Amino acid sequence: MSTLEKSRYLATAIPGPRSAALIDRKGAAVARGIGNTMPVYAARAAGGIVEDVDGNRFIDLGSGIAVTTIGNASPRVVAAVSAQAAEFTHTCFMVTPYEQYVAVCEHLNRLTPVEGEKRSALFNSGSEAVENAVKIARAYTRKQAVVSFDHAYHGRTNLTMALTAKSMPYKHGFGPFASEIYRAPMSYPFRDAEFGKELATDGELAARRALSIIDKQVGADNLAAVIIEPIQGEGGFIVPAEGFLPTLLQWCRANGVVFIADEVQTGFARTGAMFACEHEGIDPDLIVTAKGIAGGLPLSAVTGRAEIMDSPHVGGLGGTYGGNPLACAAALATIDTIESDGLVARAREIETLMKDRLGRLQADDDRIGDVRGRGAMIAVELVKSGTIEPDADLTKALLAGAHAAGVIVLSCGTYGNVLRFLPPLAISDELLNEGLDVLASVLADLR
């Protein structure tokens, strides 16, 4: 159990001298393309706090981009990984398999909202899992085309860059990209309102808009899969209008198209359900998971209907590190923690607290255009006063002020104007409220 004090504390200016020295070392040793949000170097983390090498303690409202959902250095995870490391660290599941891999797949098959008999396969990263989901869909349907959506983010590999919508920084200069990838309009209620209230609130209507384009530009006979984040992550924490996802799924089922839910960021209690698909009662054909699956260790998965998952030939799926035993031990401990500690319900409590506070802030400040999200996945979209024009400059200034004051918070969105909150579910109400107090103070100073 960590002895890290659970309070915000600034011992030095940000960055402190030891972090500053490490920044210089990074510049000389690490490729320039690897950026950093915070100008500090972590030393310890637990319970909603990250401590840097200079002794500064930050309130963590980012969870390593939704990875340490159950809290950093969570006790069950630490114990499980330590015990597994003492037994063996790797054998490669494809060479001499081990029970932990099978056990993780059994839990995924039990937990994921996919109808009927299920199978799972384990990989390393969200991008890798997305690529394998597309491979599986193509093997099953014997078709090639894949549709993703405006504002989507699915990864940084060649195929997943093609699926991702935003050019800078993810795609710029890295093409050409994988072929047979098409894009359809997303349901984005805050922005769709510009085109009429009905489109913003009627998910079925928004889905029909997307399906019309898919029919005309791709055609169901050529389409292997539709892939979508039930709540878009990097695109701006966009929650589609009610009915959008079920209408897409219904069309996919009627036309022999595999429906892939990318739950890399939304999975494992993050949204106040074990998986975000549950909020609209949909059962995808395939679900892609990663991030919060293993308490900070690299692991990802594809889970889906058995007949689809079993369509690739033996040896067609795999990878040297996929389902590493340490990561599997961490995943089993993570699932145990979520279920034993009631963290799905805790995510809903965090949603209530955050939306209440941010909603009151919005009522007093018209630069907050929208407050949205589910569970502990909440966002604020910032706009220029009196308009819906995105304000990326205000977002950058608010981030910088929060960071300097000891709060880790992240931005996202196609227009660079969304502040996203991903607090660990282990965070206390006191720390969460304090973090929001800091943000409110910084925002007021930026008038």
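The values are calculated or read from the model by the stated rules, or taken from the named source; none is laboratory data. Predicted model only: the values in this text are computed from it and were never measured. A quick note on method: Cβ atoms are made from the backbone with ideal geometry, for glycine too, and the neighbour counts reach across all protein chains shown.
Quick notes on this structure:
- Taking the listed residues ASN222, ASN132, the one that is polar (S, T, N, Q), within 16 Å of LEU286 (Cα to Cα) and either over 20 Å from the mean Cα position of the chain (by Cα) or at pLDDT 95 or above (or both) is ASN132, with no other qualifying.
- Test for ASP370: is it outside the structural domain of ALA200 (by TED's automatic domain parsing), under 25 Å from ALA276 (Cα atoms) and of a type in the set (Asp, Glu): yes
- Restricting GLU194, GLU204 to residues that are out of contact with any Asp or Glu (no Cβ under 6 Å at 6 or more places or on another chain) and closer than 22 Å to ARG374 by Cβ narrows the list to GLU204.
- Complete set of residues in the range 154-188 that are out of contact with any strand residue (DSSP E or B) (no Cβ under 7 Å at 6 or more places or on another chain), touching a residue at least 12 places away in the same chain (Cβ under 8 Å) and basic (Lys, Arg): ARG156, LYS166
- Selection within the range 84-103 - touching a residue at least 12 places away in the same chain (Cβ under 8 Å), among the aliphatic types (A, V, I, L, M) and closer than 20 Å to PHE123 by Cβ: MET94, ALA103
- Residue within the range 293-305 that is part of a strand (DSSP E or B), in contact (Cβ under 8 Å) with a residue 40 or more places away in the chain, hydroxyl-bearing (Ser, Thr, Tyr) and closer than 20 Å to ASN124 by Cβ present: yes
- Test for THR334: is it in the same structural domain as GLU106 (by TED's automatic domain parsing) and hydroxyl-bearing (Ser, Thr, Tyr): yes
- Residue under evaluation HIS151, criteria (1) surrounded by 19 or more Cβ atoms within 10 Å (Cβ to Cβ); (2) without any contact (Cβ under 8 Å) to a residue 40 or more places away in the chain; (3) over 16 Å from GLY267 (Cα atoms), criterion not met: (2)
- Of all residues in the range 338-361, those that are surrounded by fewer than 18 Cβ atoms within 10 Å (Cβ to Cβ) have Cβ atoms under 7 Å from Cβ atoms of residues that are acidic (Asp, Glu), 6 or more apart or on another chain, in LEU353/ASP429.
- First in the range 192-214 and at pLDDT 95 or above, second anywhere and loosely packed, with under 14 Cβ neighbours inside 10 Å, Cβ under 8 Å, 6 or more apart: LEU205/GLU198
- In the range 384-404, residue farthest from GLY272 (Cα to Cα) [restricted to those that are among the β-branched types (Val, Ile, Thr) and surrounded by fewer than 20 Cβ atoms within 10 Å (Cβ to Cβ)]: THR387
- Restricting the range 35-53 to residues that are touching a helix residue (DSSP H, G or I) at 6+ places or on another chain (Cβ under 9 Å) and over 15 Å from GLU5 (Cβ atoms) leaves a set whose member that is surrounded by the fewest Cβ atoms within 10 Å (Cβ to Cβ) is ASN36.
Residues checked against (1) of a type in the set (D, E, K, R); (2) modelled with pLDDT of 95 or more; (3) buried (at least 19 other Cβ atoms within 10 Å of the Cβ); (4) closer than 30 Å to GLY322 by Cβ:
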{"residue": "THR3", "(1), (2), (3), (4)": "no, no, no, no"}
{"residue": "ALA29", "(1), (2), (3), (4)": "no, yes, no, yes"}
{"residue": "GLY33", "(1), (2), (3), (4)": "no, yes, no, yes"}
{"residue": "ALA66", "(1), (2), (3), (4)": "no, yes, yes, yes"}
{"residue": "GLY71", "(1), (2), (3), (4)": "no, yes, yes, yes"}
{"residue": "ALA79", "(1), (2), (3), (4)": "no, yes, no, yes"}
{"residue": "ALA85", "(1), (2), (3), (4)": "no, yes, no, yes"}
{"residue": "THR96", "(1), (2), (3), (4)": "no, yes, no, yes"}
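- Elements of type strands (runs of 3 or more DSSP E) contained in the range 86-191, each with 3 or more residues being within 24 Å of GLY256 (Cβ to Cβ) and not assigned by TED's automatic domain parsing to the domain that holds ALA261: none
- Exactly one residue out of ILE238, ILE282 is part of a loop (DSSP other than H, G, I, E, B), assigned by TED's automatic domain parsing to the domain that holds GLY203 and surrounded by fewer than 24 Cβ atoms within 10 Å (Cβ to Cβ), and it is ILE282.
- Yes/no for LYS143 being among the basic types (Lys, Arg) and more than 23 Å from the chain's Cα centre (by Cα): yes
- Residue under evaluation GLY256, criteria (1) surrounded by fewer than 16 Cβ atoms within 10 Å (Cβ to Cβ); (2) not in a loop (DSSP other than H, G, I, E, B), criterion not met: (2)
- Comparison of PRO97, PRO113 shows that the only residue that is farther than 25 Å from ASP429 by Cα and in contact with a helix residue (DSSP H, G or I) (Cβ under 8 Å, 6 or more places away or on another chain) is PRO113.
- Checking GLY315 against (1) part of a loop (DSSP other than H, G, I, E, B); (2) crowded, with 21+ Cβ neighbours inside 10 Å, the condition it does not meet: (2)
- Residue ranges of strands (runs of 3 or more DSSP E) in the range 39-83 with at least 1 members of a type outside the set (Phe, Trp, Tyr) and without any contact (Cβ under 8 Å) to a residue 24 or more places away in the chain: 42-46
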